[in-house]
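Undergrad: Okay, here's the structure, questions in a sec.
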Amino acid sequence: MLIKQISIFIPNKKGSLSQLTDILIAHNIDIRAIAVFDTTEFGILRIVVDDPDRAVEILNKEGIVAKVSKVIAVEPEDKPGSLNQIFSVLRDSDINIEYIYSFIMRKKEMPYIVLKVDDQEKAVEELTAKGINVINKEEIYAK
Amino acid sequence: MIDNKIWSREETLVREEFETIQLERLKKTIERVFQNVPYYKEKLKEAGIEPGDIKSLGDLSAIPFTVKDDFRKNYPFGLFSSPKRDIVRFHASSGTTGKPTVVGYTRKDMATWSELIARIVTMAGVTDEDTAQISFGYGLFTGAFGLHQGLERIGAAVIPISSGNTEKQIMIMQDFGTTALISTPSYALHMAEVAAEMGIDPKRDLSLKWGLFGGEGSTESMRNEINERWGLFATENYGMSELIGPGVSGECPALKGMHISEDHFLPEIIDPKTGKVLGEGEVGELVITTITKEALPILRYRTKDITSLHYEKCECGRTTVRMSKIQGRSDDMLILGGVNVFPSQIEDVLLQIDGIGPHYQIKVFKKGYLDKIEVDVELVDANLLDSFALLESLNQKIKHQLRTVLGIEAKVNLVEPRSLARFEGKAKRVIDMREVK
């Protein structure tokens, strides 16, 4: 149930994002989700794309430090307290969230939430058991 | 004539007297190392020199040079001329790579060192009436301990406060009535700024009269600024641990170069490219032979410092040769806040850390009056991208290694691979943006 995300090291300077997207466009890779986590000196860009393994290969070839890692994507219900429910499940299962970001798929009404936690397998189990919709990778990568 | 106390009669000998003493001591030194240091024996034999061959000071130029790398090759005690039981003190400075340059002193060497310092602090104006605050770091570096002994020798009251904790330095200065400040020139300027922030006007609130600066070079404009800010009289002194530490030479109030204690050190100026000895007043690399040291006599040590020698008698009454202000270095050594650092040492540290590439760029600049250093390294290990904590700990690890191995505080920037300049031939990895000396 885990989906592949790419983490990319980017310096904090003008044009470093467009440099990346230029490469991805040139190789026909579609970005599904994007998030930047930054400090004053550098950032880690995290993206979900339709073909992660090929994307990393291309980026590495271009001399960019990039790595595939696995994350969980969940779809919260469209009602108050649904995010709270997800976080409560994780807390009660003693699982720590390392980072989180959200993105929208056009044909869906609700955004997806991407979670990176310290025990991914267990998180998927617990979330599924509590009736939370964990998205499988086909759904994300499909065009 | 300038009114300036002279500590020792040996500072006013006539040239012939110096030459007689120097030749006699040079012969003894060569005999000593020939007998006691296999490395020197080998080196001298290779050059076709037996101790008896030295008949005049002119014969010195036939003796091979000693360079910093010879210390590395003989680490730790290979160049020592005395057995370990005769050694009473060790000091060390940074070597060109990994291991430090180790120096040792016998009891007689310690007495010599104190005598040399007594001379330079006296020529700087300090007397037994003075209270001297030593703001060099105490430890393996020779600076603090060297000045300490000599200042005690002349009867000054020594405050061994060491470096750092600047606000406390100012407080002690005020409360103890410090009259002489001993530090690097850049630290003196930094302290002046802190004093101003504390609302202290050195001229009104403090009693400073003398400033004795060393450990790094300085410009005339720095001297003027120090004099102006502190309301003291600044002089510069020179030395290096390989030769003895501070005390090789120092300025008198005439401020026309630093007097070398010629009865202990035999100076030459050479062309750094050809090794040829240059004449009086010509600018080149300073080469020094120690002629009274027991534990670690050094023949024709290439200091890499660029200067010139001047022999005419000084207004202060001393006849010892003067070396002009250091104009630069003939190698790539950096002096960062008084600490000597070679780019090769930084490289050494970086190469031992996983996750980063072999390329790097060092940037040195002034922040206020202090030297700041930034090191750019390329991140290559994508596994560290899982979390900031991993990148942060890599950053900390690099900083920590630079601090523990080299004693420097550097800011570390992780940059993307292939973003740093590649060099064909000689790499220019250091960008020094400090004031050009």
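Undergrad: Which value, to two decimals, describes the C-alpha radius of gyration of the stretch B:359-405 once divided by 2.2 N^0.38 Å?
TA: Values: Rg = 13.0 Å, N = 47, 2.2 N^0.38 = 9.5 Å.
So the Cα radius of gyration is 1.37 times the expected 2.2 N^0.38 Å.
Undergrad: What is the average number of partner chain Cβ atoms found within 10 Å of a Cβ in B:411-421? Walk me through the numbers before you get to the answer.
TA: Working: counts 1, 1, 4, 6, 5, 11, 6, 3, 4, 0, 0.
Taking the mean over all residues of the peptide, I get 4.
Undergrad: Please list 3J(HN,Hα) in residue order for the stretch B:162-175, calculated via the Karplus relation 6.51 cos²θ - 1.76 cosθ + 1.60 where θ = phi - 60°; whole Hz, with x for glycine and proline.
TA: Ordered by residue, 3J(HN,Hα) equals 6, 8, x, 6, 4, 5, 5, 4, 5, 4, 5, 3, 6, 6 Hz.
Undergrad: Taking the Cβ of each residue in B:S308, B:S261 as the centre, tally the other Cβ atoms inside 10 Å and list the residues starting with the fewest.
TA: Ranking B:S308, B:S261 by Cβ neighbours within 10 Å, fewest first, gives B:S308, B:S261.
Undergrad: For the stretch B:100-188, what's the relative contact order in percent, using C-alpha pairs closer than 8 Å and at least 6 residues apart?
TA: So the answer I get is 34 percent.
Undergrad: Other chains near A:95-104: what is the mean number of their Cβ atoms within 10 Å of each residue's Cβ?
TA: Taking the mean over all residues of the peptide, I get 1.
Undergrad: When the Karplus curve 6.51 cos²θ - 1.76 cosθ + 1.60 is applied with θ = phi - 60°, which whole-Hz ³J(HN,Hα) does each residue of the stretch A:56-68 get, with x for Gly and Pro?
TA: Here the 3J(HN,Hα) series is 5, 4, 5, 5, 4, 4, 7, x, 9, 6, 9, 8, 7 Hz.
Undergrad: What average number of partner chain Cβ atoms lie no more than 10 Å from the Cβ of the residues making up B:374-386?
TA: 4
Undergrad: I need the phi-derived Karplus couplings for the stretch B:239-252: 6.51 cos²θ - 1.76 cosθ + 1.60, θ = phi - 60°, integer Hz, Gly and Pro marked x.
TA: x, 8, 4, 4, 8, 4, x, x, x, 5, 7, x, 8, 9
Undergrad: Using the C-alpha atoms of the stretch B:91-208, what convex hull volume per residue, in cubic angstrom, is computed?
TA: 110 Å³
Undergrad: Also, quick follow-up: Can you sort B:C252, B:C316 from fewest to most other Cβ atoms within 10 Å of each residue's own Cβ?
TA: B:C316, B:C252
Undergrad: What percent does the relative contact order of chain A come to when contacts are Cα pairs within less than 8 Å and at least six residues apart?
TA: Once divided by the residue count of chain A, the mean separation gives 29 percent.
Undergrad: Which FRET efficiency, nearest 0.05, do B:M171 and A:K107 yield, Cβ-Cβ r, R0 51 Å? Write out the running numbers ahead of the final one.
TA: On the way: r = 70 Å, r/R0 = 1.38.
E between B:M171 and A:K107, to the nearest 0.05, is 0.15.
Undergrad: Please work out the C-alpha center-to-center distance from the stretch B:256-292 to the stretch B:304-343 and express it in whole Å.
TA: Rounded to whole Å, the Cα centres lie 9 Å apart.
Undergrad: Could you please state, rounded to a whole Å, how far the C-alpha centre of the stretch B:377-417 is from the C-alpha centre of the stretch B:4-64?
TA: If we compute the Cα centre of each part, the gap is 49 Å.
Undergrad: Which three extents, in whole angstrom, do the alpha-carbon atoms of the stretch B:9-331 cover along their principal axes, largest first?
TA: Largest to smallest, the principal-axis extents are 65, 41, 35 Å.
Undergrad: Also, quick follow-up: May I ask you to derive the FRET efficiency for B:S56 and B:V194 from their Cβ-Cβ distance with R0 = 45 Å, giving the value to the nearest 0.05?
TA: On the way: r = 54 Å, r/R0 = 1.19.
That gives a FRET efficiency of 0.25.
Undergrad: Continuing with this model, one more query. Using the scaling law 2.2 N^0.38 Å as the reference, what is the normalised Cα Rg of the stretch A:3-70?
TA: 1.00
Undergrad: Follow-up question, since we're still on this one. Suppose we keep just the DSSP beta bridges with both residues in the stretch B:336-432; what percent of those would be antiparallel, to 5?
TA: Values: 10 of 19 bridges.
Taking every DSSP beta bridge within the stretch B:336-432, about 55 percent pair in antiparallel fashion.
Undergrad: Follow-up. Report, to one decimal in Å, the Kirkwood hydrodynamic radius for chain A based on all distinct Cα pairs.
TA: Across chain A, the inverse of the average 1/r is 16.0 Å.
Undergrad: Could I ask something else about it? What's the exposure ranking of B:W210, B:W7, going from fewest to most Cβ atoms within 10 Å?
TA: If I rank by nearby Cβ atoms, fewest first, I get B:W7, B:W210.
Undergrad: Say a site is exposed when it is one of the GluC sites (Glu not before Pro), sits in a DSSP loop, and has at most 14 other Cβ atoms within 10 Å; what is then the longest site-free stretch of chain B?
TA: Answer from the scan: B:130-279.
Undergrad: Can you check how the C-alpha radius of gyration of the protein assembly as shown compares to 2.2 N^0.38 Å, as a plain ratio?
TA: Computed over Cα atoms of the protein assembly as shown, the ratio equals 1.28.
Undergrad: Where a Cα-Cα gap under 18 Å defines reach, which lysines qualify for A:K107, not counting those fewer than 8 residues away within the same chain?
TA: Cross-link targets: A:K137, A:K143.
Undergrad: Now, a different point. With the contact rule set at Cα under 8 Å and sequence spacing of 6 or more, what percent relative contact order holds for chain B?
TA: Worked out over chain B, it gives 15 percent.
Undergrad: With each label point set 7 Å from Cα along the Cα-Cβ vector, what nm distance links A:A26 and B:R15?
TA: Using points 7 Å along Cα→Cβ, the separation is 7.2 nm.
Undergrad: What number does the stretch B:176-278 give for Rg over Rh if you use C-alpha atoms and the Kirkwood radius?
TA: 1.07
Undergrad: Sticking with this one: Could you work out the equivalent-ellipsoid semi-axes for the stretch B:1-93, taking the square root of 5 times each eigenvalue of the Cα gyration tensor, largest first, in whole Å?
TA: 29, 21, 12
Undergrad: Here's something else I'd like to know. Quote the charge dipole size of the protein assembly as shown about the Cα centre in Debye, to the nearest 20; the model charges only the Cβ of Lys and Arg (+1) and of Asp and Glu (-1).
TA: 640 debye
Undergrad: Further question: Just the Cα atoms of the stretch B:314-437, one point each, no solvent: what log10 I(q)/I(0) does Debye give at q = 0.11, 0.13, 0.16 Å⁻¹?
TA: Result of the Debye calculation: -0.46, -0.59, -0.82.
Undergrad: Okay, moving on. How large is log10 of I(q)/I(0) for the stretch A:71-141 at q = 0.11, 0.21, 0.23, 0.24 Å⁻¹ when the intensity is taken from the Debye formula with one equal scatterer per alpha-carbon?
TA: Relative scattering, expressed as log10 I(q)/I(0), comes to -0.23, -0.88, -1.06, -1.15.
No value in this document is a laboratory result; all are computed from the given coordinates. Since this is a predicted model, take the numbers as computed values, not measurements. Note that each Cβ is placed from the backbone with ideal geometry, even for glycine, and that neighbours are counted across all protein chains shown.
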